[in-house]
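Notes follow the structure.
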Amino acid sequence: MTSKSSLRSRPALSTWVTIAFVWAVALGTFGWALVAAGTPGRWAAVAILAALGYLSKALPPSLLRNDVHLSLSSIVLLTAIPLVGPTGAVLVGAFSVLGQIGRTRLQAAVFNMAMHAVMGGLSGLAYVWSGGLSTPDPGYGPFGLLVDVGLPLIVADLVQCLVNAALLAL
C-alpha cells in the first residue's frame, strides 16, 4: 500500500500523457508555422525576445502586491508575433518558460514550455491569416497601423487566450 505523500510526489501517468500530447501539438505547430510562414528573419530579435520572456517568467508573480499577480510573458509573446513571425513566436514561447525552472515542479515547467510554444505559433498564424504585417511601412499613418497590425494583434490575442484556456483545461 502506498502512502498519500508518495502519491503526491510522483505525477500520475495521465499527467505525463497529457504533457506528451501537448508537446506533440507544439511540434506540429512549429512545423505548421515553418511551412506557412518560414523561418524567422531576425534571429537576434528571437534571442532578445526569448530573454525578455525568460525574465518575465523569472520575476516573482506577485510583483505588485501579494494578492495582485502580474505576468508579462503574454505581452512578450504578442510582441514577438509581428517582429519574428509565427515560427519565432513558437521559439520565444518555449524558451521564455525556462525562467520557471527551479520555481515550479518539473512537469509544470515542461507542460508550460509546450503550451507557450503552441500559444505563440497558433496566435502567430492567426495574426498572419488575419492580414497582419511583419514589416509595416514606416510611413503608415495611424489608420494603416490599426488595420494592418492592431486588429490582427487583437485576433492573435484572442487566439492566444483561447489556446491557453483550452490547454489549461486539460
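Quick check on the chain: helices-only [θ] at 222 nm, where DSSP H runs of length 4 and up contribute -39,500 (n - 2.57) each and the sum goes over total residues. Nearest 500, please.
It lands at -23000 deg cm²/dmol.
Along Cα→Cβ, 7 Å out, is where each label goes; now give me the distance between the ones at residue 27 and residue 72 in nm to one decimal.
Computed distance between label sites residue 27 and residue 72 equals 3.3 nm.
How do the peptides 89-100, 32-43, 147-158, 112-123 rank, highest first, by the average count of neighbouring beta carbon atoms within 10 Å per residue?
The peptides rank, most packed first, as 112-123, 89-100, 147-158, 32-43.
At 1.4 Å probe radius, can you tell me the per residue accessible area of the chain in Å²?
For the chain, the per-residue accessible area is 56 Å².
What FRET efficiency do you get for residue 13 and residue 151 if R0 is 41 Å and r is their Cβ-Cβ distance, rounded to the nearest 0.05?
After rounding to 0.05, the efficiency reads 0.40.
Could you give the length gained on full extension between residue 161 and residue 47, defined as 0.36 nm per residue of separation minus the Cα-Cα distance, in nm?
38.7 nm
How much length is gained if the chain between residue 107 and residue 20 is pulled fully straight, taking 0.36 nm per residue apart and subtracting their Cα-Cα distance, in nm to one decimal?
Extra length from residue 107 to residue 20 when fully extended: 30.3 nm.
Just check region 77-141 against the gyration tensor rule for me: Cα atoms, a ≥ b ≥ c as the square roots of the eigenvalues, rounded for a/c under 1.5, and otherwise prolate or oblate depending on whether a/b exceeds b/c.
prolate
Can you tell me the order of 19-29, 74-84 when each peptide is scored by its average per-residue count of other Cβ atoms within 10 angstrom, highest first?
Going from most to least packed, we get 74-84, 19-29.
Counting only protein heavy atoms and using a 1.4 Å probe, what share of the accessible area of the chain belongs to carbon plus sulfur, as a whole percent?
Carbon and sulfur together cover 71 percent of it.
Between [x] 17.2, 53; [y] 23.5, 67; [z] 17.4, 71, which matches Rg and Dmax of the Cα atoms in Å calculated for the structure shown?
Structure-derived value, by its label: [z].
Just tell me, in residue order, which DSSP H segments of the chain are both 30 angstrom or longer along the helix axis (alpha-carbon based) and at least 1.6 in mean Kyte-Doolittle hydropathy.
Answer set is 13-37.
The values are calculated or read from the model by the stated rules, or taken from the named source; none is laboratory data. As the structure is a computational prediction, the values presented were derived from the model and not from experiment. We place every Cβ from the backbone using ideal geometry, glycine too, and count neighbours over all the protein chains shown. Note: areas computed on protein heavy atoms with side chains; ligands, DNA, RNA excluded. Shrake-Rupley method; radii C 1.70, N 1.55, O 1.52, S 1.80 Å.
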